[in-house]
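In what follows, a single structure is set out as structure tokens and then discussed.
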Amino acid sequence: MTLSAPSSTRATARPLTDEEVARIRNDFPILETRVNGHPLNYLDSGATSQNPVSVMEAEQEFYEQRNAAVHRGAHTLAFGATETFEAARATVAAFIGARTDEVVWTSNATEAINLVAYSLSNASLGLGGEAAKRFRLGAGDEIVVTEMEHHANLIPWQQLALRTGATLRFIPVQDDGTLDLAAAGTVIGARTRLLAFTHASNVVGTINPVAELVALARTVGALVLLDACQSVPHLPVDVAALDVDFAVFSGHKMLGPTGIGVLYGKTELLAGLPPFLTGGSMITTVDMHTAEFLAPPQRFEAGTQRISQAIALAAAVDYLTETGMERIMAREAELGNRLLVGLGDIPGVRVLGPGLGVERIGLASFDLVGVHAHDVGQYLDEAGIAVRVGHHCAQPLHRRLGVTASTRASTYLYTTTDEVDQFLATLREVAPFFGVRS
Amino acid sequence: MTSTALQQLYQQIILDHAKSRHGASAGELPPLPIVPASAVPAFNELRLAESHQVNTTCGDDVTVRVGVRGAGDDAVIEEFAWRGDGCSISMASASVLHDTVRGVSVGQARAMLDTYREMLRSRGTIEPDEEILGDAAAFSGVSRYPARVKCAMLAWVAFEAAVMPVAG
Ligand SMILES: Cc1ncc(COP(=O)(O)O)c(C=O)c1O
């Protein structure tokens with residue numbers, strides 16, 4: 001097994017420069033906001049990112065000039081809306097190296113994961129006939145996740161296990177916050193039917209070895225679902241090259257609006273998978289007792305779709321593409337290192353996960369000994385600095401790393417080095433303020 | 001850069017209590033004695049009760065255990081123990097609560113609770129009544145931070161949930 005080749009090519013990309021970032025910031029009106037008398041220092045893009053003007057304009061333009069139901073009407077406006085909607089799908093598909101009909105719209109990544117879980121569940125009940133037989137789960141079958149998953153990529157599988165009688169197992173996390181790949185080799189076995197794991201961790205920021213994990217799944221014939229929520233926004237992702245079966249991500253974390261997410265699924269898999277939500281717009285012929293379903297992706301898109309959101313997401317993808325994902329990734333690696341070095345310099349700070357020298361996205365979570373994360377966040381907020389505090393929807397990982405809560409600073413393409421430095425300087429004041437000596 | 005707003009929120013009393021945590025048990029509280037549901041408590045027997053509360057937004061948790069003697073508003077809170085894990089506001093409020101309600105009557109405690117809750121929900125519009133609240137008045141700054149009101153209420157809610165059923 002070898003490490004995936006792209007990491008070497010990524011490292012050579014020229015990071016966005018401070019001047020370029022300054023220009024990028026002009027496209028994000030919210031970055032002008034003042035909070036508690038200070039300029040907003042937004043270090044919470046890992047939770048949700050900000051939108052450039054072009055994204056907001058795409059949504060507005062749709063409502064001003066094109067708004068109509070898609071795939072339903074025959075009038076000119078409806079036809080135009082459908083075309084724009086489908087063009088958005090093609091844009092997003094190209095961005096991740098997928099075929100257009102391999103992209104299914106959902107509300108967010110969470111819904112995308114639930115779609116797969118419920119479709120497998122439906123297959124397990126016998127729905128979908130012969131073509132869905134390969135998706136049936138039952139007692140003796142195993143679903144494998146990791147100990148570092150976001151709750152979105154854990155609870156739907158717990159529930160699927162409960163519905164089908166399958167067993168949920170997990171790949172443990174090591175003390176340094178990375179996956180225990182040796183253990184993965186034993187956890188993934190002949191009974192494994194599905195492996196679901198995150199590409200980049202929303203807590204420790206590391207990028208998991210997709211190639212190794214996919215290879216393990218392939219040897220036992222298991223399906224692979226990749227949670228790409230923290231990778232697609234921050235680094236070039238090619239789902240076909242990664243050879244995963246399913247991948248999910250949310251638009252709001254990649255400069256897009258809320259309410260839109262993506263399920264990628266390989267053509268031949270989507271073709272056999274029974275639907276999750278059913279109703280209008282996903283059928284061909286209907287009588288009082290039966291219905292025939294459309295081919296994917298429509299089969300999985302019941303009801304009136306998130307049209308303006310999909311179109312706005314395509315505008316976000318255009319923005320990212322023009323900026324260059326390699327350059328964004330290189331910039332974030334720089335900011336991530338700056339965070340790590342700076343955090344390492346502050347007495348009492350314990351960074352969760354591995355230190356320097358590990359490929360990562362531009363975020364870091366940490367524990368400030370003696371000061372609760374909520375108090376850290378409150379102090380920073382007073383200085384206009386927005387960070388995430390709490391368990392970041394990853395309670396098992398926090399428990400594994402010996403903390404109940406942490407503080408996370410996460411950067412994006414509009415984050416300046418000055419913002420990282422202001423955050424670090426302010427953080428330095430926190431322990432003294434709370435009377436904690438380290 | 002410490003702002004006065006922050007100092008208003010984190011008054012020295014709060015920072016001190018967050019560290020010293022009066023009445024806090026280091027480990028888990030010992031298990032409650034098991035009393036059969038059918039048992040009728042003897043008059044003036046000390047009755048123990050506890051409540052565990054979690055702040056779902058951050059995972060902070062507090063368990064409050066009380067020992068109450070007597071009935072109704074005249075019953076006295078003779079014992080108060082707690083354990084918890086959380087931010088300085090939630091830990092300090094549990095510590096102050098311990099000092100505030102130990103030895104007082106249920107009626108008095110109820111009045112304090114009402115005053116405290118009203119102060120916290122006021123968004124900074126109500127001056128704290130130190131007469132009634134004592135050190136708990138130090139939490140008045142929290143009322144300007146709606147996101148933190150739950151932190152300041154956590155132990156008080158646990159206390160209320162523990163006391164009310166036994167005090168009747
Ligand atoms: C790694 C990861 N997976 C899943 C999610 C869930 O995303 P959403 O809430 O947009 O469905 C998030 C975002 O919080 C995430 O960071």
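Numbers below:
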{"item": "Part-to-part distance (alpha-carbon centres) for the range A:30-86 and the range B:123-168, which is given in Å", "result": "42"}
{"item": "Karplus (6.51, -1.76, 1.60) ³J(HN,Hα), θ = phi - 60°, over the range A:241-257, in Hz, Gly and Pro reported as x", "result": "5, 6, 6, 8, 7, 9, 9, 9, 7, 10, x, 5, 8, 10, 6, x, x"}
{"item": "Top of A:Arg99, A:Arg25, A:Arg72 by mean-square fluctuation, Gaussian network on chain A, Cα under 10 Å", "result": "A:Arg72"}
{"item": "Among A:Val244, A:Val286, A:Val224, residue whose mean-square fluctuation peaks in a GNM of chain A (springs only between Cα atoms under 10 Å)", "result": "A:Val286"}
{"item": "Using alpha carbons only: equivalent-ellipsoid semi-axes of the range A:3-115, gyration tensor based, whole Å", "result": "31, 24, 15"}
{"item": "Calculated from backbone phi, Karplus (6.51, -1.76, 1.60) coupling profile of the range A:274-284 in Hz, x at Gly/Pro", "result": "x, x, 9, 7, 10, x, x, 6, 10, 10, 10"}
{"item": "J(HN,Hα) series, the range A:385-393, from Karplus relation 6.51 cos²θ - 1.76 cosθ + 1.60, nearest Hz, glycine and proline x", "result": "9, 9, 10, 9, 10, x, 9, 6, 6"}
{"item": "Value of Rg/Rh across the protein assembly as shown [Cα atoms, Kirkwood radius]", "result": "1.02"}
{"item": "Accessible-area composition of the protein assembly as shown, carbon plus sulfur, in percent [1.4 Å probe]", "result": "53"}
{"item": "Inter-part distance where the range A:287-362 and the range A:225-246 are each reduced to a Cα centre, Å", "result": "9"}
{"item": "Among A:389-402, A:409-422, B:82-95, the order from most to least packed when residues are scored by Cβ within 10 Å on average", "result": "B:82-95, A:409-422, A:389-402"}
{"item": "Gyration tensor verdict on chain B (Cα atoms; rounded if a/c is under 1.5, prolate if a/b is larger than b/c, oblate otherwise)", "result": "prolate"}
{"item": "Alpha-carbon centroids, the range A:253-286 and the range B:89-117: separation in whole Å", "result": "53"}
{"item": "Averaged over B:54-61, number of beta-carbon atoms from partner chains that fall within 10 Å", "result": "4"}
{"item": "Inter-chain shielding of A:393-406 (mean C-beta neighbours from other protein chains, 10 Å cut-off)", "result": "1"}
{"item": "Amide H contacts of A:Arg169 (H built 1.01 Å from N, under 5 Å, at least 5 apart or other chain)", "result": "A:Ile143, A:Val144, A:Val145"}
{"item": "Per residue solvent-accessible surface (Å²) - chain A, probe of 1.4 Å", "result": "38"}
{"item": "Whether the range A:343-438 is rounded, prolate or oblate, judged on the alpha carbon gyration tensor where a/c under 1.5 counts as rounded", "result": "rounded"}
{"item": "FRET efficiency estimate (nearest 0.05) - Cβ-Cβ, A:Ala183 to B:Glu28, R0 41 angstrom", "result": "0.85"}
{"item": "Trypsin sites (Lys or Arg not before Pro) lying in DSSP loop within the range B:102-168, provided at most 11 other Cβ fall within 10 Å", "result": "B:Arg123"}
{"item": "Summed buried accessible area for B+A [probe radius 1.4 Å, Å², rounded to 100]", "result": "1500"}
{"item": "Gyration tensor verdict on the range A:57-321 (Cα atoms; rounded if a/c is under 1.5, prolate if a/b is larger than b/c, oblate otherwise)", "result": "oblate"}
{"item": "In nm, spacing of pseudo-spin labels at A:Thr12 and B:Ile13 (7 Å Cα→C-beta vector)", "result": "6.6"}
{"item": "Between helix B:106-120 and chain B: long-axis angle, C-alpha atoms, 0 to 90°, nearest 10", "result": "20"}
{"item": "Cβ-based net charge around A:Gly73, under 15 Å, with every Lys or Arg adding one and every Asp or Glu removing one", "result": "0"}
{"item": "Residues along the range A:416-438 losing 40 Å² or more of accessible surface when the other protein chains are present rather than the chain by itself (probe 1.4 Å)", "result": "A:Phe433, A:Phe434"}
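The values are calculated or read from the model by the stated rules, or taken from the named source; none is laboratory data. For clarity, every value in this text was computed on a predicted model and none was experimentally measured. Positions of Cβ are backbone-derived with ideal geometry, glycine not excepted, and every protein chain shown enters the neighbour counts. Surface accessibility is based on the protein's heavy atoms, side chains included, excluding ligands, DNA and RNA. Shrake-Rupley method; radii C 1.70, N 1.55, O 1.52, S 1.80 Å.
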